[in-house]
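Beneath this line is the structure, given in structure tokens, with notes to follow.
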Amino acid sequence: MQTEVRFIEPTIPLHIFDAERAGPTALIQAGIHGDEIAGVHALEELLEEGVYPDQGRLLIVPIMNPGAYRARERKAVGGLDLNRSFPGNAQSEHREQRLARKFMDLVEQEKPDLMATLHESWKRFHADLQPSFAQTIVYGVQPMPEIVGRVIDRMNETKQLDYETWSPHHYPVPTSSTEVIVDRVGCTGLCIETWMGFDLRRRIDMQKQIVRYLLEDLGVLNSKV
Ligand SMILES: [Zn+2]
């Protein structure tokens, strides 16, 4: 196994793990919105626990927008919404536009098979209420990628409360990282949304579980079942 840490910016480490056996590439990111912290903590805990791929290549960016994360706000103080800044522009006066371009460079170089971004929301998902995100796997293309249904079934098999029920949610957002990257790279791009009304510990555990299920479904991690 090979491990490397690269820095997209001084406070944005990119953790790279290569298994002995070739296989798919997965890119998992969090902290694009700084008030949605469960995904950041989930990825940091997975790194501390020594997550590594059984096959293929695993890329992890725990905090995409450190300024927003430090402020515990959706955006950095005085900044733009990074998740509405894609594909970005290296020459822009706006930091988020330049940063989005760096993430685009990364995905265009890596061409991941799966890209997942970990989010959270206060709005409970209801098919009649748009937008409403929690608890969902959000995708922007039709038909729904099959991995979404399989991972949601697994999450719902292990839910502790009925209120934790997960749903798929088709909700394309044209300038979001997911949409633009899926268009450019042709990968499966997903947003994971936990409901912020749950206890932080439970949200972190759900984010970790869903990341593991995504990686198992893709074949980057061997199934523990
Ligand atoms: Zn978000």
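The values are calculated or read from the model by the stated rules, or taken from the named source; none is laboratory data. Quick caveat, the model's predicted, so the values are computed rather than measured. Quick reminder, even Gly has a Cβ in these numbers, built from the backbone with ideal geometry, and neighbours come from all protein chains shown. Protein only, heavy atoms only, side chains kept; ligands, DNA and RNA dropped before computing areas. Shrake-Rupley method; radii C 1.70, N 1.55, O 1.52, S 1.80 Å.
With Cβ to Cβ distances under 12 Å as the rule, what net charge do the other residues near residue 38 carry (K, R +1; D, E -1)? Can you show the working numbers first?
Numbers: positive: 201, 202, 203, 208; negative: 35, 36, 44, 45, 120, 193, 199, 205.
The answer is -4.
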tail above 26 Å in the computed P(r) of the stretch 81-225, as % of all Cα-Cα pairs, reads 27
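Which GluC sites (Glu not before Pro) in the stretch 77-147 sit in a loop by DSSP (not H, G, I, E or B) and have at most 14 other Cβ atoms within 10 Å of their own Cβ?
Working: sites: 93, 96, 108, 110, 120, 146; in loops: 93.
Those satisfying the criteria are 93.
Accessible area per residue, 1.4 Å probe, Å², for the chain: what's the number?
I get 45 Å² per residue for the chain.
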Helical contribution to [θ] at 222 nm, DSSP H n ≥ 4, -39,500 (n - 2.57), averaged over the chain, rounded to 500:
-10000 deg cm²/dmol
Run the reach check for residue 224 against aspartates and glutamates, Cα to Cα strictly under 12 Å, same-chain hits fewer than 8 apart removed. What comes back?
54, 216
Mind grabbing the accessible area of residue 224 for me, 1.4 Å probe, Å², rounded to tens?
140
Would you work out the relative contact order for the chain, in percent, from Cα pairs under 8 angstrom that are 6 or more residues apart?
22
With label points built 7 Å along Cα→Cβ from the Cα atoms of residue 84 and residue 223, find their separation and express it in nm.
4.1
Carbon + sulfur, % of accessible area of the chain - ligands and nucleic acids excluded, 1.4 Å
50
